[in-house]
1. Name the pairs: first residue in region 542-567 and of a type in the set (Gly, Ala, Ser), second residue modelled with pLDDT of 65 or more and assigned to a strand (DSSP E or B), Cβ to Cβ under 6 Å, at least 6 apart or on different chains?
2. Of all strands (runs of 3 or more DSSP E) completely enclosed by region 422-512, which ones contain at least 1 residues that are of a type in the set (Ser, Thr, Tyr) and modelled with pLDDT of 85 or more?
3. If the Cβ limit is 8 Å and pairs must be 6+ apart or interchain, which residue in region 280-292 that is under 13 Å from residue 222 (Cβ atoms) pairs with which residue that is among the hydroxyl-bearing types (Ser, Thr, Tyr) and surrounded by 13 or more Cβ atoms within 10 Å (Cβ to Cβ)?
4. Tell me, which residue of region 11-61 that is among the hydroxyl-bearing types (Ser, Thr, Tyr) and farther than 19 Å from residue 176 by Cα is nearest to the chain's Cα centre (by Cα)?
5. Going by the conditions given, is residue 141 modelled with pLDDT under 95 and assigned to a loop (DSSP other than H, G, I, E, B)?
6. Can you tell me which of (1) part of a strand (DSSP E or B); (2) exposed (fewer than 13 other Cβ atoms within 10 Å of the Cβ); (3) not small (Gly, Ala, Ser) is the one residue 322 doesn't meet?
7. Name the residues in region 62-106 that are over 51 Å from the mean Cα position of the chain (by Cα), over 23 Å from residue 149 (Cβ atoms) and either open to solvent by less than 40 Å² (accessible area, probe 1.4 Å) or not acidic (Asp, Glu) (or both), would you?
Amino acid sequence: MEWSRHPGKVGKGDPANELHASHLLLQALTEVQTEFIQGHEMPRIFDKLLSVLLKLTDSEYGFIGEVQRTAEGEPLLRTHALTNIAWTGELREFYAREAPKGLEFTNLKTLFGAVMTSGQPVVSNAPAVDPRRGGLPEGHPPLCSFLGLPFHSANEMVGMVGIANRPGGYDDAVIAFLQPFLATCCAILQGVRSERRRRQAEEEQRRMSESFRTLIERTPDAIFIHREGTVVFANSSAASLLGHACGTVLRGRPIAELVQPGGEVALTEPSSISAPHEVMFQHHEGRRVLCEVVTLSLLFDGQPATVSITRNITERRLVQEKLLASERLASLGTLAAGVAHEINNPLSYMLSNLQFVDDELSAMTSSGEGLAGERGQEIRDALKEALSGSQRVVDIVRDLKIYSRSSDERRGPVDVQAVIDLCGNMAWSEIRHRARLVKDYGGVPSVHANESRLGQLFLNLLINAAQAIPHGDIQGNEVHVSTRYEEGQVVVAVRDTGEGIPPENLEKLFNAFFTTKPKGVGTGLGLSICHGIITELGGRIAVQSEPGKGTTFQVFLPVGEPPSAAP
């Protein structure tokens, strides 16, 4: 539209001129709205709106701006169209560089700031004496009159227009005339904001998608994403886990082919992060890889899928086995002197009795005396004692064999009280010089466990209880062991009357290598391994202690096979 051919302006007192101006305004707004719908560039649209505004109001300069917020929540004005009133070469360069991006104005102690803070129109036909003025920089073009008009959505102030230096100033007629203009500016700015939010959401989604891809591709855990039993994505760690060069090799393969038979259930059914499943995967070269798997449901590429986050624990399991063996050896080292003494006693009277039998038989052979007499009975009694001693040695060796059997990890029904008795025999050399061993057994069912592992658990607790008691008062101290059945669990309590544990150490007891014993005594692995054994069985361990009054460890073992047991 060529405005030089349409001189109609508002507020001149001529009804024909007013009507012509309204017609021109509506025509211009229709054109602008059409360009906005067609997707024309926003700077061009706002520049056109500002040109319409200045022409119809006969103003010298002005702006159209959007109300935004600082990081602190304070309002600021960002221009979308602004008349170039730069009065120096430096300012003209600044305007040419920054105006297309929008200039920010944060000083609200001005006439336009009064519009933003009040949300109401501001008319000032004598700015020089207006108390709301903020002053003008030196060299700034004169400001003879000012009109600031806000425009609002249903919930907030969206923006404002400001125009200046209209001959004769501004009045209510101009404000009324510009209401359609303000409504158009508000609608366009709301559209701009909506488009901005859409682009921000798309950009955020793109960044999140890229971050997600980067995360799952670079994480050291193997990640398998599968849908209806078929792999749709596998990261590089998943490929490496199974011996492949890249994850694309695994795409399209049934998930059941990647694991040992039965393991696919753990990959298809959601699991708790706190209780991962143990699954045996099948390596490309034929060997098996033990892994912990957490399975979750999510959307992948816009469709429901299942993700299995997998961690190789083969090496960790080997280290755990070595630690268990190390702790067994440490415990056996502690027991070595006592076991030697236990075996030495029956061996001594076995040898003595056998020597007696040999001497007596030699003498009787020389004299021709038979075995029916008194000397024959003495020989028979000596042989019985030797047999009894040999049985005692057999029992000790059997107990050691059960305790030290580490290769057999099979689980089955275990008599907890029989295991405690065995451990009591083995720990007797540690206990007998310090305290009495008191057993208080209640009727309890068998637990599903590994006998050797339980032996290591209770032997460790008994030895710790004994070593917590100083020498010197056997009758005044005791190691008390009790069993009871409670709410589907077998509860074993090992209580000592020793020195107790300081409160600051209670939370550290089950940390690996933490120990309250003197340097060089023990490995600091005992209670950590006990905790691991109990957790693996689906149970728990609790401790209560008071310095000077002793300590009680309570072991809670579920009856039956725990649901989290490894397949």
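The values are calculated or read from the model by the stated rules, or taken from the named source; none is laboratory data. Everything quoted here is computed from the prediction, not taken from an experiment. Heads up, the Cβs are rebuilt from the backbone with ideal geometry, glycines too, and the neighbour counts pull from every protein chain shown. SASA here: full protein model, heavy atoms, side chains in, ligands and nucleic acids out. Shrake-Rupley method; radii C 1.70, N 1.55, O 1.52, S 1.80 Å.
1. 542/554; 545/551; 550/496; 560/448; 566/278
2. Correct list: 436-441, 478-486.
3. What qualifies is 281/310; 289/314; 290/314; 291/310; 291/314; 292/310.
4. So the residue we want is 34.
5. Spelling it out, residue 141 is indeed modelled with pLDDT under 95 and assigned to a loop (DSSP other than H, G, I, E, B).
6. (1)
7. Once the filter is applied, which keeps residues that are over 51 Å from the mean Cα position of the chain (by Cα), over 23 Å from residue 149 (Cβ atoms) and either open to solvent by less than 40 Å² (accessible area, probe 1.4 Å) or not acidic (Asp, Glu) (or both), region 62-106 yields 86, 87, 88, 89, 91, 92.
Yes/no matrix, rows are residues, columns are (1) among the charged types (D, E, K, R); (2) open to solvent by less than 40 Å² (accessible area, probe 1.4 Å); (3) modelled with pLDDT under 70; (4) part of a helix (DSSP H, G or I):
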position	(1), (2), (3), (4)
522	no, no, yes, no
533	no, yes, no, yes
543	no, yes, no, no
548	no, no, no, no
552	no, yes, no, no
555	no, yes, no, no
566	no, no, yes, no
